[in-house]
Each structure stands twice: as structure tokens, then as C-alpha cells.
Amino acid sequence: MKLFNNLDELPDFKNAVLTIGSFDGVHTGHQKILDQVKQIAKEADGESVVITFHPHPRHFLFPDNNSPQLINTIDEKVALLKRNGIDNVVVVPFNMDFSSQSAEEYIENFLVQKFNPKYIVIGYDHKFGKNRSGNIELLKSYEEKSGFKIIEIDKQEIENIAVSSTKIRKALEAGEIRKANKYLDHSFSMAGTVVHGQSVGHSLGFPTANIEVNNKYKLIPPDGIYAVYAVYNEQRYKAMLYIGSRPTLKDHDNKTIEVNIFEFNKDIYGDKLKIELVEKIRGDARFDGLEALKARIAQDKVESLKILSDDSIVEKPLEAKEVDAAKSVAIVILNYNGEKFLREYLPSVVNSNYPNFKIHVADNGSTDESIAILEKEFPSVKVHDLKVNHGFAKGYNVALQLVEADILVLLNSDVEVTENWMNPIVEMMTADSTIGACQPKILDHKNKEQFEYAGAAGGWIDKYGFPFCKGRVFNTLEKDEGQYDAAEEIFWASGAAIFIRGNLFNQIGGFDEDYWAHHEEIDLCWRLKRAGYKVMSCPQSMVYHLGGGTLNYGNSKKTFLNFRNSLYSIHKNVPRNKIFRLIFARLLFDALAAGLFLLKGQFKNIGAIVKAHWTYFGNLSNLRIKRKQYKELINKVSIAQDANHAAIYQKSIVWSYYLKRKQTFKNLF
């Protein structure tokens, strides 16, 4: 879905099918209208467009009057419209200039000039223009000369819809949450910032997060206790909500909104929290002392858990509803002097068979004709000129600040994709919100029956932090015979083609820019795993990687980066009491690696290993700081009490490979 807040930046919509309204609640009645708009747009090979207003016209015209209290904030409304599969939402700034338009100006200068609609789906009683002087008959009089057609929602059709925003508001104001949720077809929710309270709940044994709802027009249900879900970083937790002035506590009579989240111990002060209301348990009440209050809260928790555990009566959460619109995907390719790769491989990406994606190429200060080629030969691709070569890690960090999507795909410029490569991964990540990152099966572009070095069928690490892959252990590459075609958890996803949730990349800290290149995706996935997320391989998706396009696999600089960055990752991610024991073991293993290079006469690689260790020890102070910073970020986004340890080989891969001669992944177990 595309969102527009500025009328001067609207695109040329293709066969636009419009509907216009407040859409407060985006309830079941609204959804019937939206379904009609989508169906007409599909038949007309056009785009569905919802036009709504902010602020609410009544709030603008009568600023001293807070009525009506609204079911949704503007952000909540936009999210619901997106959930219902609308192509475009235009939030019109309702101001003096807009409200002063005559009905004719509204049609000519706003509807026709800005949208050039093919159809307008509108209610029989729709009013518009200054003093609400325009009506559907006036709109119909413009059909022939302006080239649009009015689809009227007649009186009987509207009256047959037994739901209205007013009915839902009344239900909420009466504390009838189940009735309201039934009308809405989703849970009524409130969101706000977690602020410091007076720690009263903590002293009673029920710590609460105090929520500040910074919107005076948002409808707040009546005082009392509610069974709810708390949504933090897209993860839902069972909880109970209190709204009231705490009448039992004589020294605390201010009204508060606070939630006790069950099985939750994160520090979330300053973060956003959403509350989905399920059922009201009781009204607010005064008790004879703290012990009586504490006993009643304990009973409230039991009742909340019973309500939330009864799947037969709990409404489906907002996230669980089937979504018509595909997740938005941004494919981001980092380019440096890659004009040959762009011409050879980018056409396959452009021809991907996925309904909602955008390609971005971030140019890392190329000195060749890359940008000119992109602008001339690939006009649909968005080009971001980063001016200088930031390296892989920082280059992506900079580029991804400029991109927004549900799912980000970091794709090497030397990767050829198959037509349907995005669909199975997006479907997998949509179905399971605990998947943080994913990769396709990566085959060798030169030998398409063989796995490719950089990722193969998914990355693992051993107990000493050495990375390897399903289908590639050290330099031994397997032929793809379908032996790894089951979608499974892995430890790290290849930076050649990694899918990651759009919100998670920055929240987890992005790539460590000190890495420059190599191993940064392992470090990133390690943090995701520490936060409880899954990293998956999806072999139903397949791409072909040339490999070695930046630095060939035997390059001494690459050796330095791999050895140094591996030590960096260990220091930042393993438990504190294991760091130096593990580093000592790595020194011994790295000495063996140097011995192998000596036997091969690769003296530059020996120097690269020595330099890697000196650089690591010289950066211990900086690594300690980063370790602390990343731990704080991980705590904020974590979805589980413990780290996810799937896909760690609990032996030494070096020992297994070189001494036991187990040189393929399938022979390791």
C-alpha cells in the first residue's frame, strides 16, 4: 500500500477507483465498501484509492469540542486500510483552504485534477464542499464531461449494514468490548509511549507499564480492569489493563492507563506499546487497604488468563486476519563499479513475479558508468547516490535509512534470481512473525547444479564460532540433489541474498560498520537469534550467485576480514564468562589455519591472520562498548526469555572436517 499526505505529491493513478470518508474504526460496514472498491479496481485494471481526512473535519471546525471521540488515530486507521488490501490511501490535510472550497471547486480542482478517477464509489447521502452544499446529484452531473462514473451506495444498502462508527463508540463507552470487536472485526486497540509511573504495581507484586496516550480525541473506554493483549515489537503477550484513578490509594488519585504484562520482564520505558482489548472484567472499585487490593488483582489475573486462554471466544488478533495486499518488499542492491553485473543480472530482478516490490540500487561512490546505465536502461529502479565507497556494512546501513518496506532484501549485484524467488520467502515470513531473517537456496551461477560458497542452503556455526553451510563446508561444495530442500532453521543467512523484516534491521543495530565487509551478516543474525528470532532457509526460493565479484575467495584481504570479523562477533555475542576461553581456542585453530596456508605457500594469508589477531586485541575497549550497546538493543526487541540456539554444531567443524574427514554437511551428524 502507498500512503500520501501531500496533495502536491500525488502520482498519476491508473484508472483510479475512489471512495471517500472518515472510515473511523474501519469496521465491517466499511470493509464491505472497501471490498467493492477493490473488486471494481480489479475489473477495471486500476488502483483502489481511499481518501480520508486529518484532522477530523469536526475537530478542525470546532477545536474546543473534543467530540466525537474517535475509535482510531490516523495511524491506526491507515494500518487498518492497509490490512484490508487498499492500494493507495490519501490523507487529506483538512485546513481552512480545503474547507473553503465550493462544491464545484471540490470536484474540479480536487477530485478531477488530483485523481482523474474512473469510478467514485460513494454513499447516497454524501455531502462535500463549503457548508456541505455538494451532493451526489452534483457529482453525477460531472460524469460525462469529467470522464468518471459514480457507483452509488443506495439508502437500502447502507441501512442493511447494521454497523456504524456511532454504534461501536457507544459499545466501547459502555465497556462492551466484545460487542465492539464483533462490529469492528478486529480488536479495539490503544497505543502510547511507556512512561515512568509511581511503581505502585511493582510494590503489590504486579508491575505495570504506564501508557501515555497522546491524543485527546482518542476514545478511552470506561474505568476498570480489562483482559487484553499487549503488543511489543510485533510480539503479542497476554496481559491485564487498568484504567482509573486508583481510589484505594489516597495519595495517588490521578487517572492512569497501565498494563500488567504476563511473563514479561523487559525494560521498555520510552518505547511504544499497543494494547488490544478483549473483555472488561470489572469496573474500578475502592478496597479496604492494600492487601485487599492485592488479592483482588490476583483474582483479576486469573480471570484474564481464563478469558485469553479460551480460544473459542477470544477474537482473532489484528495480525491474524488474512491480508489481501502483499507485504511490501524493498530489494536493495549495493553497487560499486558494477556496470557489468547490473547489465547482466539486474534484468532478472526487474522481472521478478511478485506483486508489491521496489528495487533500490545504492551506489557506493562508483567511478564507472553505473549510475548513467541505471538511469537510462532501468528507469523503474530507484537510484541512491551515496557519493563515496562506505564498504559493504556501512553502505547498507546508509542505504537502508533511505528505504521503507515490510521486508527488506539485501541482494548482491552478481546474483541472478528466478522469477518466483520472493514469493515463498515472503509467505513464510508472513505466516510466522518469529522469523527475523531468511535466505533462499543459493546455487553457483557457473555450475547451476552445485551449491555456491556464500550461503549455499543456509549457514551454521560450530561451538567455536566457525561458520559453514548446508551444502558447503570450508571449500568443499556439494551438488544440489534436493538433499536440503526442507525449509529449516539456520544460524545465519547469507549476505548475498538475505530477507529481513524492515523494522528489525535498524532496531537490532544494523550491520557493524567496523567490519567493512564479510561476516557482518553472521553477526547480525547472531543478534537476531539472541533476541529469540528464527533465521530460516527457504529452498523453495532459488537464486544463482556468481561469487567473488568484489574480492575473490583466496584474496588475503578477504582472509584478514573473515578472521578478524569472526573474532569480533565472538567477543560481542557469546556469554561473558566464555569469551576468552573461546578466543584462546580460536588462537590455536587459527594457528592451524596458518600452517595450512604455509603448506600451500600462501604467505600473504598467514600475514592476514596475524594482522587479524593484532587488530582484534587492539580493539578490545571498543568491543566492550559495542557489546553493551548491542545487548541493550537486543533486550528491547527480544521475543523470548532465552536465545535461540538452533543450528549450532556442538562439535568442532575443524576437527570433523580435517581429522575425521567428514567433509559434507549431511555426514556431520
Checklist entry - Any residue in the range 199-208 that is more than 27 Å from residue 641 (Cα to Cα), surrounded by 14 or more Cβ atoms within 10 Å (Cβ to Cβ) and at pLDDT 85 or above? => result no
Checklist outcome for this item: Filtering strands (runs of 3 or more DSSP E) wholly in the range 317-391 for at least 2 residues that are at pLDDT 95 or above and β-branched (Val, Ile, Thr) gives 329-335, 357-363
Checklist entry - Quick one: would you say residue 487 is of a type in the set (Gly, Ala, Ser) and surrounded by fewer than 20 Cβ atoms within 10 Å (Cβ to Cβ)? => result yes
Checklist entry - Given the conditions (1) crowded, with 16+ Cβ neighbours inside 10 Å; (2) outside any strand (DSSP E or B); (3) within 26 Å of the chain's Cα centre (by Cα), which single one is not true for residue 274? => result (2)
Checklist entry - buried (at least 17 other Cβ atoms within 10 Å of the Cβ), in the same structural domain as residue 535 (by TED's automatic domain parsing), within 30 Å of the chain's Cα centre (by Cα) and part of a loop (DSSP other than H, G, I, E, B), is that true of residue 634? => result no
Checklist entry - Here are 498, 442, 490: which of them is in contact with a helix residue (DSSP H, G or I) (Cβ under 7 Å, 6 or more places away or on another chain) and among the hydrophobic types (A, V, I, L, M, F, W, C)? => result 498
Checklist entry - Only one residue in 86, 74, 107, 120 is at pLDDT 90 or above and in contact with a Pro (Cβ under 9 Å, 6 or more places away or on another chain). Which one? => result 74
Checklist entry - Quick check, is residue 410 buried (at least 19 other Cβ atoms within 10 Å of the Cβ), out of contact with any His (no Cβ under 8 Å at 6 or more places or on another chain), in a strand (DSSP E or B) and of a type in the set (A, V, I, L, M)? => result yes
Checklist outcome for this item: For the range 347-399, the count of residues that are more than 21 Å from residue 499 (Cβ to Cβ), surrounded by 15 or more Cβ atoms within 10 Å (Cβ to Cβ) and of a type in the set (Val, Ile, Thr) equals 3
Next on the checklist: Being touching a Ser or Thr at 6+ places or on another chain (Cβ under 7 Å) and either surrounded by 23 or more Cβ atoms within 10 Å (Cβ to Cβ) or not hydrophobic (A, V, I, L, M, F, W, C) (or both) is true for just one of 480, 523, 512. Which residue is that?
Outcome noted: 523
Item to check | Single residue of the range 112-134 satisfying the filter (free of Cβ contacts under 8 Å to residues at least 12 places away in the same chain and not charged (D, E, K, R)) that is farthest from residue 57 (Cα to Cα) | outcome: 113
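The values are calculated or read from the model by the stated rules, or taken from the named source; none is laboratory data. Keep in mind it's a predicted model, so treat the numbers as computed, not measured. As a convention, Cβ positions derive from the backbone with ideal geometry for all residues, glycine included, and neighbour counts pool all protein chains shown.
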